[in-house]
Amino acid sequence: MPWKEQTTVSLRREVVEQMLQEGTNIAALCRQYGISRKTAYKWLHRYWEGGWEALQDASRRPDRSPHRTPEAMEDLIVEVRKDHPAWGARKIHAFLRRRGQTSLPSPSTITRILHRRGCIDPRQARHHRPFQHFQKDEPNDLWQMDFKSPLPLANGGTCYPLTVLDDHSRALLALRACAHQRAEVVRETLTALFRQG
C-alpha cells in the first residue's frame, strides 16, 4: 500500500468522522491512529462547538505579549524623545529613572519602542557619523572629561562618576564619585589635578 501523507487537520477530521459513526470502538480507534482518548474527545468537542473549521490549527501566539511595555510607559518614552530629539535610549532611561519612574523597560526595549512608534528614522539610524578620535603627541596636551551614566546607590541616592583622561597616554587622571553634575565639582577636580603637577 502506498504511503498516504496526512495533515493534522485531515487526521482530526477523519477521527471525528469515525467517532460520529454509531458503534465505533473509541479505544480501538485511538490505538489505530496513535492518539490518546483524551485527544480524540477534545477534537470531538471542538467539532461540536464550532464545526469542521474548529479542527483547524489555532494560532498559539497570544493576542498581546504578557511582557509588553504598558502603553502609558510607551507614551511617556515618546514624549521625552519629542522633548529631547537628540537623546538615545540610554539617556531617556536614565532621565526617567532620575524622575522616579519604576518598572522601566531596558534601553534596548526603549530603542525598539522608538522604532515602532516612528521616532527613529531607519535611514538615520544606519548612518552614524564616524567616531572622531583625538590623538595628541605629548602627555597633557589634551584631557577629556566626562560625567558617566548615573549609578544608583544602596542608600537610595545617585552617584555621578566624573572621569578625566589624558588623551596621549589614555591614562585615567581622575575618577571621582560625585553627588551632582555641577561646574563646582569639575572645577575642584581640575584644581586638584593641576596642583599635583
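What follows draws every value from the coordinates through simple rules; no lab data is involved. A quick note: this is a predicted structure, and the numbers were derived from the prediction, not measured. Every residue, glycine among them, receives a Cβ derived from its backbone with ideal geometry; neighbour counts consider all protein chains shown.
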Discussion item. Quick query: amide H of Cys159 versus all other amide H atoms, modeled in the peptide plane; which residues come in under 5 Å with a sequence gap of 5 or more or a different chain?
Written reply: Leu151, Leu153
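Go ahead and estimate [θ] at 222 nm for the chain from helices alone: -39,500 (n - 2.57) per DSSP H run with n ≥ 4, summed, over the residue count, rounded to 500.
Values: 8 runs with 87 residues, N = 197.
Helix contribution divided over all residues of the chain: -13500 deg cm²/dmol.
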Practice prompt. Calculate one ³J(HN,Hα) per residue across region 146-156 by plugging θ = phi - 60° into the Karplus curve 6.51 cos²θ - 1.76 cosθ + 1.60, and present them in order as whole Hz with x for glycine and proline.
Written response: 7, 8, 7, 4, x, 10, x, 9, 4, 7, x
Response to the item:
Sorting Gly23, Ile77, Leu173 by the position of each Cα along the dipole of the chain (Lys, Arg +1; Asp, Glu -1; all at Cβ), the one nearest the positive end of that ordering is Gly23
Discussion item. Report the rotationally averaged projected area of the chain based on its alpha-carbon convex hull, in square nanometres.
Written reply: 23.3
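Could you size up the charge dipole of region 1-94 around its Cα centre, putting +1 on the beta carbon of Lys and Arg and -1 on that of Asp and Glu, and report it in debye to the nearest 20? The partial results should precede the final answer.
Details: 16 positive and 13 negative charges, 90 e Å.
Dipole size: approximately 440 debye.
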Worksheet item: Between Ile113, Ala86, Thr102, whose Cα lies farthest towards the positive end of the dipole of region 71-124 when Lys and Arg beta carbons carry +1 and Asp and Glu beta carbons carry -1, centred on the Cα centre?
Response: Ala86
Fill in: Hits among lysines - C-alpha to C-alpha of Lys91 under 27 Å, sequence gap 8 or more where chains match
Lys82, Lys148
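Note down the magnitude of the dipole of region 143-196 about its Cα centre, charges +1 on Lys and Arg C-beta and -1 on Asp and Glu C-beta and zero elsewhere, to the nearest 20 debye.
On the way: 6 positive and 5 negative charges, 17 e Å.
Its charge dipole is roughly 80 debye.
What percent does the relative contact order of the chain come to when contacts are Cα pairs within less than 8 Å and at least six residues apart?
Values: 161 pairs, mean separation 19.2, N = 197.
So the answer I get is 10 percent.
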Fill in: Top of Arg37, Arg170, Arg60 by mean-square fluctuation, Gaussian network on the chain, Cα under 10 Å
Arg37
